[in-house]
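All remarks here apply to the structure that follows.
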């Protein structure tokens, strides 16, 4: 199904459990360094805090972590002590040595140590499994590896934070303490990474959202349910207006669907079988069970069946800004990036097999055009191919994969193939964008679906007069309005481009005498279609300008007696650049140029 806002990520624990048995996995040098540093951290923790139980400690994209069972919470002072102990272990230059045991022996060894979590892991292995563990001096841990040769090879590291985590990712299990850290080969690389973390904190959309009064999430209403404040809603309106206009211009029709539907619909689509745990319970209406929708696709499929479709009318490109609801565990919710209620910029394309290559190319081009308009220029694409378990005609899979691959090759963008990574119902392209800090964000997804056309019996009449199975493509472009808004906010640190800014200009009086003129200037700009407000009153001019800068308003128009007499404005950009004094009409033209939408990434004249 279309997953613009993905379900909870599969816990890293699941990958690690699989990795504890069998051949040593392939890790990059940086991953190996970080995994080794995680082991050193665990050894330091157990040295300093006897009785602490260790669970798992993988490397991750940003560094590493280790989960611990300890009754007393770790503090910032504890992290400093752990770092000091880690440096001693690294200085000792102890070797990492791999050992292997049969399952029964390994279980007995860890059971004797009281490491109940390791025993539970071992119990999940096959009876004839060979279990590996690594020693570091007098300390050892269950692990598949690989590791560095010696602790002295560890470069620069830093422990970052402590967070809560559930054992094996389940809220039904014990709550643990997770210590996050990062490591690099050199101190220069570590320093650059730490600087990036500080910059990311400065750009955190949750802080900016509060500072600029854009949105909020209130526990009285419920976690993961967003309240859009006037300024945030204004930006969202601009985004959605652009989205709708471009969809019409690119051959789409807009549709709409309800927030709930009878359980029968979700039985047909298969959601009650494979997605029920992420769905909210519905309500009983006239003896029928209704469920809140987690996706829009079953509605679009039902709509497509309203009438006999001919090949002549295909393809149908139907798009919807549809609000959906998915149960996300409290531990994974994060601002607007992962919420429980969100608006998916969804589209479903219904076509003949012959139309698939051309439609896929159109979709990728459209995705890139829209994302570039919002100021993103770096992308990476991923092609996920047929898994072991799949449905549909194998020949059609090959056609779909070849079409997706051809689109990727033609795009000229870097891409990777994820063998076997497709959904059981079809292959897909995931498009990730990079923000100004180089972070990758998943937004656009393009999925070929062989499942729903079968479940809903979607057909068309071909040139031969016979009925044929439709080909269906799911497409999420921005992903969800909530997540995309968060990414956009962090990318621009709240200083949105003029065309997106909730307030594009503020007209400011020097004193009380200019209030009438300030209102006149604002009225002219509003009449011209701009988003403008005013700041009059007795505060000092410097305070008024600082307030506008804090709100990241693109232009401040200062009006004093001189401007009133000349029927002009003294314009100042939010970056501090002072523009020449100009007539009101001249500034209207300047603002119109600055607020032009840079469609497809074509930069408009702006200040």
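For the range 12-200, relative contact order (Cα pairs under 8 Å, six or more residues apart, normalised by length) works out to 28 percent.
For the chain, relative contact order (Cα pairs under 8 Å, six or more residues apart, normalised by length) works out to 12 percent. The Cα trace of the range 457-546 gives Rg and Dmax of 25.4, 80 Å, the first to one decimal, the second as a whole number. Annotation: the residues 351, 396, 283, 472, sorted from fewest to most other C-beta atoms within 10 Å of their own C-beta, follow the order 283, 396, 351, 472. The spacing between the range 425-465 and the range 555-586, judged by their C-alpha centroids, is 50 Å. Counting every other Cβ atom within 10 Å of each residue's Cβ, 328, 171, 482, 454 order from fewest to most as 171, 454, 328, 482.
Rounded to two decimals, the Cα-based Rg/Rh of the range 12-200, with Kirkwood Rh, is 0.94. Using alpha-carbon pairs under 8 Å, 6+ residues apart, how would you state the relative contact order of the range 505-601 in percent? For the range 505-601, the relative contact order is 26 percent. Radius of gyration over Kirkwood radius for the chain, both on Cα atoms: the Rg/Rh ratio is 1.03.
The distance linking the range 139-154 with the range 251-282 is 48 Å (Cα centroid to Cα centroid, whole angstrom).
The percentage of C-alpha pairs in the range 505-601 whose separation is greater than 20 Å is 31%.
Only helices enter the 222 nm calculation for the chain: every DSSP H run of n ≥ 4 contributes -39,500 (n - 2.57), and dividing by all residues gives -11000 deg cm²/dmol, rounded to 500. Taking other Cβ atoms within 10 Å as a rough exposure proxy, 68, 274 sort from fewest to most as 274, 68.
Read the figures in this text as sums done on the coordinates, not as results from a lab. A quick note: this is a predicted structure, and the numbers were derived from the prediction, not measured. No Cβ is skipped: glycine too gets one built from the backbone with ideal geometry, and neighbour counts run over all protein chains shown.
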